[in-house]
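The structure under discussion appears below in the form of structure tokens.
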Amino acid sequence: MKKVWMSSRTAKNHHYTLHLVIGMIGVAVLAVVLIFISAYFIMKITEYKETVSLLFCLMVTALIIFPAVWLGRSLQRDAMIFCEDEEGHLYVMDVRQRIGYQRGLIGAVQMAGKVQKELAKIKHQTEQRKWTFYKMPEIIKVDVIKEHIGYYSLVCQVKYDRDRVGKHTYILGKGYDDENQLIYALQRKKQWENTVEEKPNKQPVYILLCTFLFVALAGICTLSHPYMERLPKFLYFPCLGCVFIVSCLGIYFTIQYRRGE
């Protein structure tokens, strides 16, 4: 084994379980505080309560989602390990995939405890040079590397056991020891043919189409609402359902575009 890349937290024996528990408590406390603050201001307002309530709901939801996503990416980074052998083969492993899935909050904490033990075991084995690449997916080719705020998205061709090859997208959180060296190793797997024979990206067209449909359907919903009564009422609920479907598709294509898939 030539090189192993772990997150700075994992390399310093950071308590994975404690990180999860504190993060979950923090997100829960933030949600309660924001809800109480929103309720207080809504009770003080005498006009446009419906509109203000909707705006507060959207704002609180966004403020809760962002730290939750950050916590998830941070835990994913701490559980993901990259390594390279003497022949230049690059391997990746998400330790969480070796742990059986358990439901509920208690199950999540128990899973985190098992992940922490597995990380400590791997760290000890790498220090003793006894760790093997058994059942670890090998990154044989990197199609796309896109840098974002706080993380990279990697679209890779991965070789699994028994010579089975498939496409996989990894979210590589920033914060690894010798991170520049890891990015360089991934860049070496990005063959020059990828940039020359790059397929046209259709996601922007799909996103634009979803945006147009969303605006059109939302306009029909507004005009067919009983409060407006500019269009027949029977159009409201079918169009509302279509708005939801188009929104989901737009989010899906946007995520694909950002990841470079």
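The values are calculated or read from the model by the stated rules, or taken from the named source; none is laboratory data. Everything quoted here is computed from the prediction, not taken from an experiment. Here the Cβ positions follow ideal geometry from the backbone for every residue, glycine too, while neighbour counts run over all protein chains shown. All accessible areas refer to the heavy atoms of the entire protein, side chains included, with ligands and DNA or RNA removed. Shrake-Rupley method; radii C 1.70, N 1.55, O 1.52, S 1.80 Å.
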(request) Filter the cross-link list LYS3/LYS189; LYS159/LYS190; LYS3/LYS117; LYS2/LYS190 down to pairs whose alpha-carbon distance in this structure exceeds 18 Å. (result) LYS3/LYS117; LYS2/LYS190
(message) If I stretch the segment between ILE140 and HIS14 completely, what's the gain in nm (0.36 nm per residue apart, minus their alpha carbon distance), one decimal?
(response) 42.3 nm
(message) About the Cα centre, and with charges only on the beta carbon of Lys, Arg (+1) and Asp, Glu (-1), how big is the dipole of the chain? Nearest 20 debye, please.
(response) 540
(message) Once ligands and nucleic acids are excluded and a 1.4 Å probe is used, how much of PHE234 is accessible, expressed in Å² to the nearest 10?
(response) 150
(request) Report the calculated FRET efficiency for ILE25 and GLU229 (r = Cβ-Cβ distance, R0 = 41 Å), to the nearest 0.05. (result) 0.25
(message) If I compute solvent accessible area with a 1.4 Å probe over the protein chains, what percent of it on the chain is carbon and sulfur?
(response) 64
(request) Choose one answer from VAL215, VAL60, VAL158: the residue with the largest mean-square fluctuation in a GNM of the chain with alpha-carbon springs under 10 Å. (result) VAL215
(request) For n ≥ 4 DSSP H runs only, could you compute -39500 (n - 2.57) per run for the chain, divide by its residues and tell me the 222 nm figure to the nearest 500? (result) -19500 deg cm²/dmol
(request) Over segment 1-71, average the accessible area per residue using a 1.4 Å probe and give it in Å², no decimals. (result) 69
(message) Under the √(5λ) rule applied to the eigenvalues of the Cα gyration tensor, what semi-axes describe the equivalent ellipsoid of segment 1-125? Give them in Å, descending.
(response) 41, 15, 11
(message) Can you match Cα Rg over 2.2 N^0.38 Å to one of these, (1) 1.12; (2) 0.96; (3) 1.29, based on a calculation from the structure here?
(response) (3)
(message) Could you report the accessible area of TRP70 in Å², rounded to 10, computed with a 1.4 Å probe on the protein chains as they sit in the structure?
(response) 150
(request) Could I have the simple spin-label model distance between ARG103 and LYS3, label points 7 Å from Cα toward Cβ, reported in nm to one decimal? (result) 4.4
(request) At 0.36 nm per residue, minus the direct Cα-Cα distance, what do PHE66 and THR211 gain on full extension? Give it in nm, one decimal, please. (result) 49.9 nm
(message) So, for segment 76-169, what is the accessible surface per residue at a probe of 1.4 Å, expressed in square angstrom?
(response) 58
